[in-house]
Structure formats: C-alpha cells, structure tokens
1. Please enumerate the residues belonging to the stretch 216-246 that are farther than 30 Å from Arg358 by Cβ and either open to solvent by 50 Å² or more (accessible area, probe 1.4 Å) or in contact (Cβ under 8 Å) with a residue 60 or more places away in the chain (or both).
2. Among (1) in a helix (DSSP H, G or I); (2) under 37 Å from the mean Cα position of the chain (by Cα), where does Thr88 come up short?
3. Might you let me know whether the stretch 103-115 holds any residue that is modelled with pLDDT of 80 or more, surrounded by fewer than 20 Cβ atoms within 10 Å (Cβ to Cβ) and in a loop (DSSP other than H, G, I, E, B)?
4. With Leu63, Leu67 as the choices, which residue is more than 37 Å from the chain's Cα centre (by Cα) and either open to solvent by less than 20 Å² (accessible area, probe 1.4 Å) or among the aromatic types (Phe, Trp, Tyr) (or both)?
5. Of the residues that sit in the stretch 32-59 and are open to solvent by 20 Å² or more (accessible area, probe 1.4 Å) and small (Gly, Ala, Ser), which one is nearest to the chain's Cα centre (by Cα)?
6. Does the stretch 200-208 contain any residue that is under 22 Å from Asp250 (Cα atoms) and under 10 Å from the mean Cα position of the chain (by Cα)?
7. Can you confirm whether Leu366 is of a type outside the set (Asp, Glu) and in a helix (DSSP H, G or I)?
8. I need the full set of residues from the stretch 178-193 which are assigned to a loop (DSSP other than H, G, I, E, B) and in contact with a helix residue (DSSP H, G or I) (Cβ under 8 Å, 6 or more places away or on another chain), in order please.
Amino acid sequence: MDSRLAQFAALNQKDKAPAYLSLVSEILARQDQSFIAPDLHTLVETVVQDAGIVVGRQVLSELVRILGTGGISDHSLRKRVAEETLNTLQPRIVSYEEQVNSLRFQLADLLETEEEWSEAARVLMGISSRSLPDEEKFRVNIRIVRLLLEDEDSVQAETYYNRAASLSNSTSDRETQLQFKLCQARISDYARKFLEAAMRYHELSWLAEIDEEERKEMLSAAVTCAVLAPAGPNRSRVLASLYRDERSADLPSYNILSKMFLDHILRPAEIRTFEERLRPHQLAKIAISSNDQLASTIDDDDSAEPSTSTRRGPSTVLDRAVMEHNLLASSKIYNNITFRGLGALLDLAPGAAETMARKMIEQGRLKGSIDQVDKLIWFDAAREEDDAQGKAGGLGDVEQTNEDTGAPFTKRWDLQIRMTAANVETIVQHLAEKGLVHQPAVTA
C-alpha cells in the first residue's frame with residue numbers, strides 16, 4: 001500500500017486523481033474486509049496531505065458517494081470508515097466542507113439505526129450550516145430536536161427547537177411542517193407546559209396525513225397532558241374538547257378524563273393506574289418553596305382532632321394536578337370547608353391545604369375566599385346560569401333583574417328554583433312534541 005502511494009506521489013497533478021480513484025475501487029473490491037478500513041484511512045490521509053485540494057475533493061467526493069450508495073455492505077465497517085474519515089478531515093473542514101457534511105449525514109443515519117439517538121444528534125450538530133439553504137438548516141435542526149427528545153434531553157432539544165422556529169417559514173413541505181408541529185408539542189410536554197402541549201397534541205390527532213395509529217397515540221398524549229395541566233377554567237375547556245371527542249372513549253385513560261371533566265373526586269386506586277402509563281419526565285419531583293413550607297406549618301390548635309397528614313405539599317407533577325383537581329371538585333360539592341377537612345381530603349397538612357387553596361384563588365383558578373380566623377375556606381356560590389333560563393316557551397333571551405337581598409344562600413336557593421323550573425319546562429316541551437303528554441283543554 002505504501003509503495004503504491006509513493007508511486008502516485010511522483011505522478012503529474014492531472015494523473016493523480018484517476019490513480020487515487022482506481023485505488024479506492026481496488027480497496028473496496030477486496031475479499032478480505034479486515035484491511036479495508038486501515039487502507040482507506042491511509043489513503044485519505046495521503047490524499048489530504050499531499051495530493052492538493054482539487055484532487056482531494058475529487059477522491060473524497062467519490063468515496064462519500066460509494067459509501068452513500070452501499071458500496072460497503074457491512075454496517076460496522078461502513079460506520080468505522082465514516083468515523084475515521086471524518087476525524088481526518090475535521091482539521092481541514094474549510095477545504096472539504098461539502099464532503100464532511102455528507103459524511104455526517106451518513107454517519108447520523110447509521111447511528112440512528114442503532115438507536116444511538118444522542119450520538120446521532122451530536123454528529124448532526126457538527127454540520128457546517130454556512131453553505132446550507134434555510135430549508136435544509138430547518139430540517140437539520142428539527143432532526144436534532146427529534147433525536148435529543150428520544151433520549152429525554154429536553155434542555156438541549158429546546159435550544160435547537162428555538163433555532164428551528166426562527167426558520168419555520170423557510171419551507172412549504174408538509175411533512176417537515178408536521179414534524180415541526182410535533183416537536184412543538186413534545187417540547188411543551190417536556191417543559192411541563194401541559195396545557196399548551198395538550199392542545200397541540202389534540203390538533204395533530206385530527207390530521208389525515210398522519211397514520212391512524214400515531215393519531216391515536218397523539219390523542220392519548222393530549223389526554224395525559226390535559227390531566228397533568230394546572231386545574232382551572234383553561235384546563236376545563238381542553239378537557240371538554242377531549243371528552244366530547246368520540247375517539248377518547250377507546251383510550252385507557254378515558255376513565256380519569258371523564259372524572260376530571262365531570263368534576264368528580266379522584267381516588268388513589270385510579271391515580272395509581274394512570275400513573276403507570278406516564279413517562280419519566282411526567283413523574284418528575286417538584287420542590288416546595290421555602291415560603292410554602294413556612295405557610296404550611298400553620299396547623300389547627302385543636303388537639304382533640306389531630307391532623308390526618310403531615311405532608312407539606314405535592315411531591316410530583318401528577319400529585320399536584322390531582323390535588324388541585326380534587327380541591328376544585330370539592331368547591332362544587334361544599335359551600336365551605338375547614339383547613340383540616342380539606343387537608344384530610346387532599347392528604348395534606350391543614351396549613352399546606354390552605355396554601356394550595358390560596359395560590360389557586362390568587363391565580364384566578366378557584367373562586368372563593370379564606371377566613372383565617374375560623375380556619376374556613378368559603379367557595380363562591382356564583383355559577384353560570386343555565387342556557388335554558390329565560391328561554392322556556394321559546395321566548396328567547398329575557399333580561400333578568402336580580403333583587404339584592406344581601407343573603408348568598410337565598411340567592412343560591414332562588415337560582416336553583418329558576419334552573420329547575422326552566423329544565424322542567426324544557427322536558428315538558430320535548431314530551432309534548434313527541435306526543436307523550438297532552439295538555440288539558442282550556443275552558444272558558
């Protein structure tokens with residue numbers, strides 16, 4: 001091998017390229033593959049150092065082409081040749097940028113087939129983007145994000161997602177746009193922006209271009225993220241959209257979805273079943289702030305009724321989501337509840353239960369007030385009036401005038417009477433339309 005290369009070095013510049021190219025074909029045609037990688041490595045080093053840039057580019061372009069078209073069938077040998085060639089060319093990347101980029105794409109493909117996601121992503125990160133058009137840069141960044149997320153590296157993935165977002169208008173290719181939207185949903189999921197992730201997953205689950213099985217997985221991911229999202233009006237709207245989706249009934253998580261939508265209190269057995277299907281980042285531990293720890297130490301002084309729990313706050317994302325949901329559900333059941341009673345319901349210390357309720361009230365996710373003297377949480381009795389009110393008998397919208405009695409329980413009682421009367425009137429109308437009831441004749 002060395003003697004052949006020494007002969008080629010003495011040739012004229014115009015004769016070197018055909019000589020080196022014939023040697024590449026000769027090396028790859030050998031039956032004994034154990035010498036292919038070291039001989040190619042020696043050849044590449046010689047060409048890069050002594051043959052000149054013009055000849056070097058010709059020889060390396062041909063080698064890259066042969067590797068890309070399956071000139072080496074053995075997977076591990078092809079990977080070794082690509083890695084050694086890249087290591088040789090890396091110090092001279094300015095002169096061989098096109099060949100280095102092509103090799104990096106091939107090596108990333110090989111690593112991806114081995115499910116070496118992070119290694120494949122690191123290979124793509126080394127691609128020089130100076131000569132790439134914006135559309136190709138966008139595809140490379142999206143691919144890096146996808147590979148990093150496969151290994152749960154959401155922090156670095158978000159960096160490349162932000163780079164891709166700045167180039168999102170550079171392509172009109174539908175498949176690339178769908179990959180970008182999926183990356184958006186997954187980045188929101190990993191960043192614990194569960195409400196945003198649920199909406200994005202649900203939107204993708206309707207797209208006909210995506211395979212039916214994948215759409216079902218996205219719908220399931222949307223339900224999971226909606227369950228983990230902070231309780232409040234915004235989550236209620238997302239839950240309503242998912243609950244009314246007929247496909248949701250076939251999902252394993254439909255039971256917890258329906259209970260959350262209907263504001264039912266979740267039991268520990270149901271939570272454990274749902275927890276088994278969560279991914280590691282969705283089971284992440286959450287830290288309790290020092291202020292919350294201090295506030296949660298407030299306890300009831302009545303020693304006759306000891307606290308049922310000493311927990312100072314939720315420990316995981318799921319734990320917090322379930323506690324906030326049960327607190328919101330309890331507001332639909334009770335007019336008020338003591339700190340200790342809420343703590344027993346949520347499996348929290350009374351002070352921690354009050355802290356959670358206070359934060360939800362501050363954020364506008366729970367309507368109510370806190371009486372710290374009597375250690376009570378009062379839930380706002382106001383409810384959205386039923387759409388049937390003022391419309392019974394087909395009268396349309398009727399302006400309602402409410403008498404200010406200053407008595408909240410009287411207002412609630414009057415509201416319930418109005419709602420019941422309106423619902424009864426609607427039922428009677430439906431029965432009359434179907435001929436199931438007959439109205440008595442009016443006599444003069």
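The values are calculated or read from the model by the stated rules, or taken from the named source; none is laboratory data. Since the structure is predicted, the reported quantities are computational estimates derived from the model, not experimental observations. We place every Cβ from the backbone using ideal geometry, glycine too, and count neighbours over all the protein chains shown. The accessibility values were calculated without ligands, DNA or RNA, using every heavy atom of the protein model including side chains. Shrake-Rupley method; radii C 1.70, N 1.55, O 1.52, S 1.80 Å.
1. Lys216, Glu217, Arg244, Glu246
2. (2)
3. Taking every residue of the stretch 103-115 in turn, at least one turns out to be modelled with pLDDT of 80 or more, surrounded by fewer than 20 Cβ atoms within 10 Å (Cβ to Cβ) and in a loop (DSSP other than H, G, I, E, B).
4. Just one listed residue meets the conditions, Leu63.
5. We begin by selecting, within the stretch 32-59, every residue open to solvent by 20 Å² or more (accessible area, probe 1.4 Å); these are 32-35, 38-39, 41-42, 45-46, 49-50, 52-54, 57-58.
Checking the rest, the ones that are also small (Gly, Ala, Ser) come to 34, 52.
On the way: Ser34: 46, Gly52: 50 Å.
Once the filter is applied, the top-ranked residue is Ser34.
6. Yes, the stretch 200-208 has at least one match.
7. In short, no.
8. Ala191, Arg192
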